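Q: I have a structure here, written as structure tokens, and I will follow up with some questions on it.
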Amino acid sequence: MSPLDALAQAQETPRRSEENRGKSYVDEVRSHERASASEWASHRRDIGSVGPSPLRSYKDGCLERCQNVKNRRAKDPGTARPGRPRVGFLHRIEGLRYAPSRAPMTESRPLVVLVEDEPQMRRFVRISLVSNGYRVAEAQSGEEGLTAAASEPPDVVVLDLGLPGIDGFEVLRRLREWTEVPIIVLSARGQEQDKVRALNEGADDYLTKPFGPAELVARIGVALRHAARTQGDASQAVVASGSLRIDLARRIVFVDNVEVHLTPIEYKVLATLAKHAGMVVTQRQLLRDVWGPGEAHTPQLLRVHMAQLRHKLERDSACPEHLITEPGVGYRLLVDPRN
């Protein structure tokens, strides 16, 4: 063997040895992978033979819990979770426009009927009033405004003059046919003749656009104070009838010095009788003053609320001492002659 052949053989031997070691390593890895795959397949067969997979068990558990919740709701529809009342999304936003009152209450926030056809202006006024503690019922036309005022008599009406359909002047005339609620006119019409006409038609105040929210809130507060003083001039601030005491200024009712919680409608019925204490108030007048002209033909509605009032205020609702029925005419609130 020549020196060159010997050198080439010497170089070839380490290279082949390295290749052999590499092949052995690859074979070992592949053998390990095959063993692992075989073990995993065997493990999966074992799981299947013993019972359901962990994923299936978790799913079955979720379905079982959902069914338990459905059963609980079916037994008690008023609760979604134990100890937690159901509150819808609309009840959490805005306060209040559509949130129903669950707890009976005597004193409620003043209600403002806003009659305005411009959506941006309605939103601006609504936000200003709600942030200052008022409830707001919105209407975008004169017809809707009259319906809103009749469905739940407001404490104040905020009225625009330029409305689609019947205009603000006609709304003023119709409202004044059956209610003395304070009416504040909001209008872009700044001419003197428009202001004089609105005030002559029955408006209590006139505010020209543009205006500041603080000014509007202040004017509403003044209108409410004037209305309270007018009512106070016609009746006592506190009306007493035996164990029954009605504080008209604070809108609180007591029986035997214990406060009694009334719904807003119940309080309005009682307050109307208290303002005419000792006198007979006809069914038609009560329906008009409390519900508006749209309910004048439903005396059954009044009888239902009178029964509820007697249940809360009388010792024996079958033999009332305070709320007396005048057959065929109406009702009377007896007053204590010592007050």
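Q: If G142 satisfies every condition in (1) touching a residue at least 60 places away in the same chain (Cβ under 8 Å); (2) more than 22 Å from V290 (Cβ to Cβ); (3) not basic (K, R) but one, which is the exception?
A: Against the list (1) touching a residue at least 60 places away in the same chain (Cβ under 8 Å); (2) more than 22 Å from V290 (Cβ to Cβ); (3) not basic (K, R), G142 comes up short only on (1).
Q: Sticking with this one: Among the listed residues E152, E144, identify the single one that is of a type in the set (D, E) and more than 18 Å from the chain's Cα centre (by Cα).
A: E144
Q: Is it fair to say A227 is of a type outside the set (S, T, Y) and surrounded by 13 or more Cβ atoms within 10 Å (Cβ to Cβ)?
A: Spelling it out, A227 is indeed of a type outside the set (S, T, Y) and surrounded by 13 or more Cβ atoms within 10 Å (Cβ to Cβ).
Q: When you go through (1) assigned to a loop (DSSP other than H, G, I, E, B); (2) out of contact with any strand residue (DSSP E or B) (no Cβ under 6 Å at 6 or more places or on another chain) one by one for V335, which number turns out not to apply?
A: Going through (1) assigned to a loop (DSSP other than H, G, I, E, B); (2) out of contact with any strand residue (DSSP E or B) (no Cβ under 6 Å at 6 or more places or on another chain) one by one, V335 breaks only (2).
Q: Could you tell me how many of the residues in the range 152-207 are farther than 21 Å from G133 by Cα and either in contact (Cβ under 8 Å) with a residue 60 or more places away in the chain or not hydrophobic (A, V, I, L, M, F, W, C) (or both)?
A: Counting residues in the range 152-207 that are farther than 21 Å from G133 by Cα and either in contact (Cβ under 8 Å) with a residue 60 or more places away in the chain or not hydrophobic (A, V, I, L, M, F, W, C) (or both) gives 28.
Q: Do any strands (runs of 3 or more DSSP E) entirely within the range 104-210 hold 2 or more residues that are crowded, with 22+ Cβ neighbours inside 10 Å, and if so, which?
A: Hits in the range 104-210: 111-115, 135-139, 156-160, 183-187.
Q: State the number of residues belonging to the range 244-281 that are within 14 Å of V335 (Cα to Cα) and in contact (Cβ under 8 Å) with a residue 60 or more places away in the chain.
A: Qualifying residue count, the range 244-281: 3.
Q: Okay, moving on. Has the range 291-304 got any residue that is closer than 23 Å to R250 by Cβ and under 29 Å from the mean Cα position of the chain (by Cα)?
A: Looking through the range 291-304, none of the residues is closer than 23 Å to R250 by Cβ and under 29 Å from the mean Cα position of the chain (by Cα).
Q: Report yes if some residue within the range 259-274 is surrounded by 17 or more Cβ atoms within 10 Å (Cβ to Cβ), at pLDDT 90 or above and of a type in the set (S, T, N, Q); otherwise report no.
A: Looking through the range 259-274, at least one residue is surrounded by 17 or more Cβ atoms within 10 Å (Cβ to Cβ), at pLDDT 90 or above and of a type in the set (S, T, N, Q).
The values are calculated or read from the model by the stated rules, or taken from the named source; none is laboratory data. Everything numeric in this text was worked out from a predicted model, so none of it was measured. Using ideal geometry, Cβ is built from the backbone for each residue, glycine included, and neighbour counts are taken over all protein chains shown.
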